Amino acid sequence: MTTASPHAHGVHFGRTDVQNVGMGAGIVLIVVGILGFIPGITTNYSELRFFGPDSKALFLGLFQVSMLLNIVQLAIGATGLTMSRTAMGARNFLMGSGLLYIVLSIYGFIVGVDSAANFLSLNTMDNWGLHGDGRSNGRRRLADDKAPGRRRKDPVINPRDIGSRE
């Protein structure tokens, strides 16, 4: 006979921690993508453009957004939810989205705010935010690899055992 735990600590409905983190990140990105289309939460909403540096709309009054950037956030969030069905998918999503965000932040720093190459409408706050998100997603994925009880997929071979099998 098994007994239930008196509290919900560690109960994840059959999902691993990395799956929960991946799903959480996906949900947050979907919410941010939706909120980017809502006037009031996005200031200067009348200046929201599909793409490019001419979009002067600001999410939460800080982060420059465009329709394309909101759609990208929605797509990445949906990808995160889908990939987080498995632990490996969640790990890959966190590492891939982390790398993507770091690359986008470096791109944003290089091209500048007013450049025609700034097709996603990124300002300096966006660049720093993307850089921080990218680093934290990568750290979450790496922390999962170091979690206690996590078994390696590749077998560890003791060099002494190599010659003894006959």
Quiz item: Mind listing the phi-derived Karplus ³J(HN,Hα) values for region 118-130, rounded to whole Hz, using 6.51, -1.76 and 1.60 with θ = phi - 60°, and x for any glycine or proline?
Solution: 7, 6, 8, 6, 9, 9, 4, 4, 4, 4, 5, x, 5
Exercise. Calculate, in nm to one decimal, what residue 117 and residue 60 gain on full extension: separation in residues at 0.36 nm each, minus their alpha carbon distance.
Key: 18.1 nm
Quiz item: Going 7 Å from the Cα of residue 110 toward and past its Cβ, which residues in region 31-74 have a backbone nitrogen under 19 Å from where you end up?
Solution: 52-53
Exercise. Take the Cα atoms of region 63-129, build their convex hull, and give its volume per residue in Å³.
Key: 71 Å³
Quiz item: Which far-off residues, 5 or more places away or on another chain, put their amide H under 5 Å from the one on residue 42, with H placed in the peptide plane?
Solution: 60
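Readers should treat all values here as calculations from the given coordinates under stated rules, not as data from a laboratory. What you see is a predicted model, and the numbers here were worked out from it, not measured in a lab. All Cβ positions, even for glycine, are placed from backbone atoms using ideal geometry, and neighbour counts span all protein chains on display.
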